[in-house]
Amino acid sequence: MKAFKPLEDFFIQNKWYYIFGIIWLLIIDAIQLIVPQILRTATNLLQEGKLTFSGILKYGLYIILTGLGIAIGRYFWRNYIIGTSRKLEYHLRKKLFGHLLTLSPNFFHTQKTGDLMAHATNDINAIRHALGMGIIMFVDSIFITILAIVMMIRTTNLRLTIIALFTLPFITIMVRRFGKVIHNRFRTVQEAFSQLTDVTQESFAGIRVIKSFVQEDLVIENFNKVNENNLEKNLKLVKISGVFHPLINFISSISFFIIIIYGGRLVILDIISLGDFIAFNNYLNLLVWPMMAMGWVINLLQRGIASMERINALLEEKPEIVDSDNAIELNSMKGKIEFKNVSFKYPTKENYALEDINFTIEEGQTLAIVGKTGSGKTTIVNLLLRLYDIKEGSILIDDVNIKNIDLKSLRENISYVPQDNFLFSTSIRENIGFAFDEPIDDETMIQSSKLAQVYDNIIAFPNKFETVLGERGVTLSGGQKQRVSIARALAKDSPVLILDDSLSAVDTETEEKILNGLKNIVKRKTTIIISHRISTVKDADHIIVLDEGRIVERGTHESLLELNGLYRYLYEKQLLEEKIS
Ligand code: ADP
């Protein structure tokens, strides 16, 4: 039960719902226990020939009234307890999602999305069942069991009761034995399901690659394998649950067998009345449910605990990058950026992605970083944005170590156009205004999209800025995507602008236009332009050339050409490529 500790706040906040729910539950249980007494009195009167027609009506009415009471009570406990368990599901999902968003990118590199989705659906559902129906069954079965046994003893005698309850411990033993196996099989079902979601998600995400490589059959075969595995694991669970429930039913029916024989004899011998016998059977009948419910409860609780443990493991996952205790807010960042002896390895890698990086960009200057793919260009940006933390060297902004700058204010002061140009499946307006809490104003939106040379494209869509992108919307070309994400960064208007290979998918002519449009903006901002295309970077104040994580050359376009090194080599290669194409 320790597993549910993180939900303590929720329980305290909602304790009255649970208390009212349980009170209603107990009221119904008490009413249920009256019914056999009504039957008992009616049967005894009937047997003695004392029951008149109006008497029958009276007892019939009592039974209807208890039925009505039970129905009303059920309505209330369902609302209080099941309703609260739905709120708990909402609360837990919100907590988990909010927590996952605080985690660093590295966490998402090491966790599969399918697993996370399974946690957010299956596990949270299992917790809801445990803390909704589970609680109801638990309270209900304990209360009914105790009271029914007391009533059985009072109505007949201790001996008959003990004989009737003879099978109870067997049910407990069965429940304990089966519970463990069910728990383990349920876990493998969860794993199989998350594998299934993984494969499905990846197949659709990679649909273009699959189709262009004509690998549909292979993907289907792969999917069939995990689908079969999922079926197999579920069937294994069904098999064990299939034995479990009928077995418990059978064991409880043995009680009835004994009671018919032994209790019937007591009636014949006139030790108990027929009414007592009927009431006793009714109580025994009432006991069958809690006996089975106990099995369910243990099942539900075990599943709930297993799921809660998995969710707790996620909730305990600490964000790798957090604010330091004395972090300061940068309200008006000037934009001087300095890397001092920075070396860095990704947590999952042995080799250095960057080694001994030193450079300074003064406020308002432009630094260009060129180099082959994989040379470490994006890593420099990842470190500046503190998506990863460095252990060797230091990175300073306005002479303050970025580890001492409030994370939110650090990132708010940097406009970033990422290499993958990720856009959300919402309207273009929402995408461009993503940095703002309020809807973006038209002027900023139009101005930034004009600067990014994407205004004309947007206006050509029937819904213009309200055009919805993504799976169920318009698919933009690679170049259009890049320009919308440039517009998104420009709308933010931060003192630092980073373009990470952001012009690679546009033609050189559009590139020229964008760069010209950006000239005035770039003058005001500290800018980092990453590119593998020399044409993009030639006007930068400083250019550094990266190779295998090291700065191998630095200077201006002209001085680098004179060096006759890697920069010149890349430049000439690109000139040649342009001529050929
Ligand atoms: P570039 O931007 O120049 O193409 P990157 O900075 O993306 O290069 O990558 C530099 C090196 O770091 C590469 O070897 C790449 O495989 C590795 N790398 C990049 N991102 C990660 C990551 N998240 N985890 C592990 N290794 C990474």
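The values are calculated or read from the model by the stated rules, or taken from the named source; none is laboratory data. For clarity, every value in this text was computed on a predicted model and none was experimentally measured. Cβ coordinates were reconstructed from backbone atoms using ideal geometry, including for glycine residues, and neighbour counts include every protein chain displayed. Note: accessible area is taken over every heavy atom of the protein model, side chains too, but ligands, DNA and RNA are not part of it. Shrake-Rupley method; radii C 1.70, N 1.55, O 1.52, S 1.80 Å.
Test L96 against the criterion of being exposed (fewer than 14 other Cβ atoms within 10 Å of the Cβ), under 25 Å from G304 (Cα atoms) and aliphatic (A, V, I, L, M), and give yes or no. Show your work before the answer.
Details: exposed (fewer than 14 other Cβ atoms within 10 Å of the Cβ): no; under 25 Å from G304 (Cα atoms): yes; aliphatic (A, V, I, L, M): yes.
When the stated conditions are applied, L96 does not pass them.
For the range 473-496, give me each residue that is part of a strand (DSSP E or B) and either at pLDDT 90 or above or more than 17 Å from T426 (Cα to Cα) (or both). Even if it seems obvious, please write down each step before you answer.
Of the range 473-496, the ones part of a strand (DSSP E or B) are 474, 496.
Correct list: V496 only.
Among the residues in the range 99-121, are any within 16 Å of the ligand (Cβ to nearest atom), open to solvent by less than 40 Å² (accessible area, probe 1.4 Å) and at pLDDT below 85?
Start the filter on the range 99-121 by keeping residues that are within 16 Å of the ligand (Cβ to nearest atom), which leaves 103-113.
Next cut, open to solvent by less than 40 Å² (accessible area, probe 1.4 Å) only: 103-104, 106-107.
The next check asks that each one be at pLDDT below 85; those that pass are 104, 106.
Within the range 99-121, one or more residues are within 16 Å of the ligand (Cβ to nearest atom), open to solvent by less than 40 Å² (accessible area, probe 1.4 Å) and at pLDDT below 85.
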Please work out if I153 is assigned to a helix (DSSP H, G or I), on the phi < 0 side of the Ramachandran plot, free of Cβ contacts under 8 Å to residues at least 12 places away in the same chain and open to solvent by 70 Å² or more (accessible area, probe 1.4 Å).
no
Give me the pairs, please: first residue somewhere in the range 368-379 and within 8 Å of I544 (Cα to Cα), second residue anywhere and within 6 Å of the ligand (Cβ to nearest atom), beta-carbon distance under 9 Å, and either six or more positions apart or on two chains.
I369/S375; I369/G376; I369/K377; V370/K377
Which count do you get for residues in the range 389-404 that are in a loop (DSSP other than H, G, I, E, B), touching an Asp or Glu at 6+ places or on another chain (Cβ under 8 Å) and within 16 Å of the ligand (Cβ to nearest atom)?
1
Test: I486 is touching a residue at least 40 places away in the same chain (Cβ under 8 Å) and within 36 Å of the chain's Cα centre (by Cα)
yes
Positions within the range 130-176 being among the small types (G, A, S) and modelled with pLDDT of 85 or more, in sequence order:
A130, G132, G134, S141, A148
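Yes/no matrix, rows are residues, columns are (1) open to solvent by less than 30 Å² (accessible area, probe 1.4 Å); (2) away from the ligand (no atom under 16 Å from the Cβ); (3) assigned to a helix (DSSP H, G or I); (4) touching a residue at least 12 places away in the same chain (Cβ under 8 Å):
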residue	(1), (2), (3), (4)
I498	yes, no, no, yes
S502	yes, no, no, yes
E509	no, yes, yes, no
I521	yes, yes, yes, yes
A540	yes, yes, no, yes
L546	yes, no, no, yes
E553	yes, no, no, yes
L560	yes, yes, yes, yes
E577	no, yes, yes, no
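Taking the range 523-537 as the region of interest, how many residues are open to solvent by less than 70 Å² (accessible area, probe 1.4 Å) and away from the ligand (no atom under 16 Å from the Cβ)? Reasoning before the result, please.
Going through the range 523-537, the residues open to solvent by less than 70 Å² (accessible area, probe 1.4 Å) turn out to be 525-531, 533-537.
Okay, now just the ones that are also away from the ligand (no atom under 16 Å from the Cβ), so 525-527, 535.
Total satisfying the criteria: 4.
Only one of I19, I38 is hydrophobic (A, V, I, L, M, F, W, C) and surrounded by fewer than 17 Cβ atoms within 10 Å (Cβ to Cβ). Can you tell me which? It would help to see each step written out before you state the result.
Working: I38 fails: surrounded by fewer than 17 Cβ atoms within 10 Å (Cβ to Cβ).
Just a single option satisfies the conditions, and that option is I19.
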Looking at the range 411-422, which of the residues that are more than 15 Å from L490 (Cα to Cα) and in contact (Cβ under 8 Å) with a residue 12 or more places away in the chain is most open to solvent (accessible area, probe 1.4 Å)?
F422
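Take the residues of the range 355-379 that are β-branched (V, I, T) and within 15 Å of I529 (Cβ to Cβ): which is nearest to the ligand (Cβ to nearest atom)? So that I can check it myself, show each step before the final result.
Taking the range 355-379 as the starting set, the residues that turn out to be β-branched (V, I, T) are 357, 360-361, 366, 369-370, 373, 378-379.
Restricting the remaining residues to those that are within 15 Å of I529 (Cβ to Cβ) gives 361, 366, 369-370, 378.
Details: I361: 18, T366: 18, I369: 8, V370: 9, T378: 3 Å.
Per the criteria, the residue is T378.
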Quick one: A491 ticks every box in (1) more than 27 Å from I446 (Cβ to Cβ); (2) away from the ligand (no atom under 16 Å from the Cβ); (3) crowded, with 20+ Cβ neighbours inside 10 Å bar one, so which box is it?
(1)
